[in-house]
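Quick notes on the structure that follows.
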Amino acid sequence: MARTGLYLSILFLLLALVACAPKPAPVALTPAPQPTTSVPGPSTAPSLSQEDLAWATVIEAAKKERQLVVYTFAFTGDTGTTIAKAFKEKYGITVEFIAGRSPAIVERLRTEYRANQVVADLAEGAGARMMLLKEWGFTSSMRDLPVLRQKDVWKGDILLYDTDANLLVYSMSPMTVIINTSSVKPNEEPVSWLDLLEPKWKGKIATQDPVQGLQSYIWYVIMTRDKALSPDYFDAFARQDLLFSMGGPADLVRDVARGIKPLGAPASAVGAIPVVQEGGPIKLLTLKEGFPVSPLPFAFLKNAPHSNAAKVFMNWLLSPEGMKLFTDTAQTYSFRKDVADAAPPNARMDWTKAKFMSLKDEKEVDKIWTEQLMAKIFKK
């Protein structure tokens, strides 16, 4: 019995020790890692639109054509050489500029189309002449040029001559009053076309001989169209003992720069830029009634042998890159608002006062290229 009691005492002691021992911390069961599958997110690379893809195809086709031919009045000398070199460096396409006056270009193309042997891809010249090409069915549309998607970058209407985009305006030629700054003091400068009728200007105004060019006719048609000036104004202007400058628009500018007369009107603003850049005593004035502007277009020719190259050239020329090079090389005014004019301070114009000549205006100018109008405007 004593031994049994001893065993029971030991048993109770062990149970008490177990009860007082600290309990082990619970073991957290971590689920086995599951295999993961990587799901790609949306691509951040820009996707090309159908228009962009189509234009990329045009560029590739243009590079295979390797050349284009342009009949032109303006892209001659350094201008043509510089533009052709830059375009070839960018696209590997050779540009051949063949120079001629607008009437000759139109007649040459008419002959080529009649013989079904078209050489040129683009033609550039006077708007009314280029529009004849469309009327005869010799042009096609350039509506697919990417540059035409830009709506608010132009100083005028790029589709002014043709809403079908067979003709696109690329440049412009404004006409205004120029003065010799050595002869005319700042407080004597005219601010209105009407000021030219004052007695103090009688016998002191040079103007282009109307037999030599269309400047006087363009001025008359546009300024009377908007009623900025009346037809009677031109009769009074003709009685100001005008000096007719022989030759082209540049000759009138040089006559004023040499001091032959202190003032020229209407004068070519483009023709004045080189004289001002060379330090000549010439300043262009923007008068309150505004000034006429003659737009200059390109025509895209139907069945052009190198049609893709022609489109790529036009898109590049109208881009900021091409427009800047042309503007600087030709020493002219940019048709784009985002490209600076190649004009020093004395040759800058206020484009808010520009009055663009329309196709209707240009046809009217051609119509009145007669002795009757010359006698009416310039009679003494």
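The values are calculated or read from the model by the stated rules, or taken from the named source; none is laboratory data. Please read these numbers as outputs of a predicted model, since none were measured by experiment. Virtual Cβ from ideal backbone geometry, glycine too; neighbours counted across all protein chains shown.
Checked against the criterion of being in contact (Cβ under 8 Å) with a residue 40 or more places away in the chain and aliphatic (A, V, I, L, M), the range 97-107 contains not a single residue that satisfies it. For the range 331-348, a residue qualifies if it is under 21 Å from ASP157 (Cα atoms) and of a type in the set (A, V, I, L, M), and the qualifying residues are VAL339, ALA340, ALA342. ASP338 passes every criterion in (1) assigned to a loop (DSSP other than H, G, I, E, B); (2) surrounded by fewer than 18 Cβ atoms within 10 Å (Cβ to Cβ); (3) outside the structural domain of THR82 (by TED's automatic domain parsing) apart from (3). Once the range 185-223 is narrowed to residues that are over 26 Å from GLY247 (Cβ atoms) and among the polar types (S, T, N, Q), the residue that is surrounded by the most Cβ atoms within 10 Å (Cβ to Cβ) is SER192. Candidates VAL275, VAL312: the one that is assigned to a helix (DSSP H, G or I) and either among the hydroxyl-bearing types (Ser, Thr, Tyr) or touching a residue at least 60 places away in the same chain (Cβ under 8 Å) (or both) is VAL312. With respect to LEU243, determine if the residue is modelled with pLDDT of 95 or more and buried (at least 16 other Cβ atoms within 10 Å of the Cβ). No; evaluated as a whole, the condition is false for this residue. Quick check, is LEU301 in the same structural domain as VAL119 (by TED's automatic domain parsing), hydrophobic (A, V, I, L, M, F, W, C) and at negative phi? Yes; evaluated as a whole, the condition is true for this residue.
Of all residues in the range 199-215, those that are more than 25 Å from GLU364 (Cβ to Cβ) have Cβ atoms under 7 Å from Cβ atoms of residues that are in a helix (DSSP H, G or I), 6 or more apart or on another chain, in ALA206/LEU252; ALA206/ASP255; ALA206/VAL256. Evaluated against (1) more than 28 Å from ALA56 (Cα to Cα); (2) surrounded by fewer than 17 Cβ atoms within 10 Å (Cβ to Cβ), GLN150 falls short on exactly one condition, (1). When LYS324, LYS311 are checked against the criterion of being within 30 Å of GLU51 (Cβ to Cβ) and buried (at least 24 other Cβ atoms within 10 Å of the Cβ), a single residue qualifies: LYS311.
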